[in-house]
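The values are calculated or read from the model by the stated rules, or taken from the named source; none is laboratory data. Just so we're clear, the structure is a prediction, and the values are computed from it rather than from any experiment. Because the Cβ atoms are built from the backbone with ideal geometry, glycine has one as well, and the counts that use them run over all protein chains shown.
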Amino acid sequence: MAGTNGKHASTLRYAHITGWGKALPDRVITNDELAQIVDTSDEWIRTRTGIRRRRIAVDPSETSATLGTKAARAALEVADLPPHKVDLIICATSSPEHTFPSTASLIQDGLGAVNAGAFDLSAACSGFVYGISLASGMIGTGQMDNILVIGAETLSRIVDWSDRNTCVLFGDGAGAVLLQASPVPGGVLSSVLGSDGSGGDLLILPAGGSKQPATLETVAAGKHFIKMDGRAVFRFATRVMAEATLQAIEKAGLSIDDIDLVIPHQANERIIKSSMRQLKLPEEKIFINLYDYGNTSTASIPIALCEAVEQDRLKPNDNLVMVGFGAGLTWAATAVKWAVPGAREVPAWRVHQRSASYGLAHVRSRFLRFSRKVEGSLVTEDGDAWSEVLSRRIENWRRSREE
Ligand code: UT7
């Protein structure tokens with residue numbers, strides 16, 4: 001399936017999901033544990049959201065980029081593609097490591113994906129589906145062949161652990177898919193993207209951006225934590241999930257009866273069930289795993305996709321819909337014909353080769369950092385390169401001999 005950029009621009013091309021992977025922190029936090037830090041209960045959280053536990057990145061060295069890198073490596077493993085063949089890395093995230101550099105660039109470095117472009121995509125929990133839409137467009141128009149779309153989050157770092165309205169909902173984790181160009185019909189059939197910025201204040205990280213840069217006051221007021229009007233987001237979500245799902249199905253030329261599986265954003269069991277009831281979709285066609293992970297924002301759909309594959313919930317030629325909603329406000333849905341069989345057998349030597357290549361990527365990254373430092377030390381304050389300084393000195397020396 002791999003090829004050269006733009007090589008097949010004139011032939012029909014389809015974007016298939018050929019690899020998938022997930023990464024989750026080890027630490028599980030149960031509802032009962034949360035009830036020890038805020039005024040809540042296991043019963044309240046289960047009945048209002050469905051969530052029983054979530055994973056939290058307690059180790060500071062575990063970040064959105066490290067989780068994203070792990071998930072992306074797993075996706076490349078399934079697709080049996082070496083990292084140097086990746087053309088583009090799109091990382092959807094609501095908890096990027098920094099405003100810049102992008103988390104996607106850090107993942108590119110971690111993978112040693114030396115031929116890939118990389119950028120972050122900010123569309124909150126809809127971001128992963130936005131990424132799928134973008135990637136399939138790039139592939140369909142012949143610009144690229146192999147694109148990683150990742151959702152990676154460490155929301156626990158931006159959650160107010162004293163606010164019971166939000167801290168019980170979120171979890172950390174990452175999921176990734178590899179989209180590859182193919183002449184075989186199928187793959188991403190349609191996508192629907194939406195936004196209503198008038199609801200931007202309903203789910204927001206108020207400070208830390210250019211509007212309210214970090215100050216002692218913003219920190220003291222807790223403005224670097226997620227703020228949410230839960231009821232308003234709930235109402236928006238139940239309406240928009242059903243609408244977007246239906247639009248994506250119709251755009252793909254399918255009917256609801258043709259759909260084999262829906263993977264919705266894993267925010268709240270009640271939102272999912274009420275949206276899908278509006279579509280009269282039977283429960284067995286809806287994939288829910290928020291019980292174990294909570295709401296992992298951009299990562300929730302790709303993590304659920306991985307588990308759907310693990311549980312044999314997807315067969316070749318099944319019609320799948322992935323649908324999300326989130327801050328912005330945003331929403332997005334995509335219909336996909338699942339054309340790949342289950343995970344392929346990859347020879348052990350190739351797995352070893354790839355893990356060695358990740359070791360090399362680490363060494364390469366260290367070397368590049370070091371050589372940049374050395375290069376920096378050879379440049380004078382007025383920006384002249386050391387070589388220019390040297391040639392000027394030689395010239396002066398020559399002149400002094402001539403005099
Ligand atoms: O990716 C998108 C992210 N956002 C979402 O998906 C959020 C969408 N909204 C929701 O999922 C729900 O609105 C929530 C789960 C956030 C809240 O459920 P709800 O059924 O809408 O509850 P509510 O906001 O109407 O609150 C009911 C009561 C309130 O008490 P009073 O005012 O009735 O006395 C809350 O203070 O429940 C209280 N409450 C809690 N009680 C125990 C709120 N959070 C908690 C809690 N434990 N953790």
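The table below lists the values:
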item	result
Residues satisfying the stated conditions in segment 139-162, i.e. farther than 30 Å from Ile37 by Cβ and crowded, with 20+ Cβ neighbours inside 10 Å	Ile139, Met144, Asp145, Asn146, Ile147, Leu148, Val149, Ile150
Scan of segment 57-94 for residues that are surrounded by fewer than 24 Cβ atoms within 10 Å (Cβ to Cβ) and hydroxyl-bearing (Ser, Thr, Tyr), ordered by number	Ser61, Thr63, Thr66
Within segment 11-37, tally of residues that are touching a helix residue (DSSP H, G or I) at 6+ places or on another chain (Cβ under 6 Å) and crowded, with 16+ Cβ neighbours inside 10 Å	9
Inter-residue pairs, beta-carbon under 6 Å, first farther than 16 Å from Val38 by Cβ and in segment 166-178, second within 11 Å of the ligand (Cβ to nearest atom) and assigned to a loop (DSSP other than H, G, I, E, B), 6+ apart	Gly173/Thr296
Odd one out for Gln266, checked against (1) surrounded by 14 or more Cβ atoms within 10 Å (Cβ to Cβ); (2) closer than 21 Å to Asn317 by Cβ	(2)
Helices (runs of 4 or more DSSP H) enclosed by segment 1-118 - at least 3 residues per element that are more than 16 Å from the ligand (Cβ to nearest atom)	64-79, 103-111
Residue list for segment 269-294, restricted to those being polar (S, T, N, Q) and surrounded by 24 or more Cβ atoms within 10 Å (Cβ to Cβ)	Ser275
Number of positions in segment 219-263 that are of a type in the set (Asp, Glu) and buried (at least 19 other Cβ atoms within 10 Å of the Cβ)	0
Residue within segment 212-229 that is free of Cβ contacts under 8 Å to residues at least 40 places away in the same chain, under 23 Å from Ile271 (Cα atoms) and assigned by TED's automatic domain parsing to the domain that holds Cys91 present	yes
Qualifying residue in segment 296-309 (condition: more than 21 Å from the chain's Cα centre (by Cα) and either surrounded by 13 or more Cβ atoms within 10 Å (Cβ to Cβ) or without any contact (Cβ under 8 Å) to a residue 24 or more places away in the chain (or both))	no
Scan of segment 329-356 for residues that are under 25 Å from Gly140 (Cβ atoms) and either surrounded by 13 or more Cβ atoms within 10 Å (Cβ to Cβ) or at pLDDT 95 or above (or both), ordered by number	Thr330, Trp331, Ala332, Ala333, Thr334, Ala335, Val336, Lys337, Trp338, Ala339, Val340
Wholly within segment 265-316, helices (runs of 4 or more DSSP H) carrying at least 3 residues that are farther than 17 Å from Glu153 by Cβ	269-278, 300-310
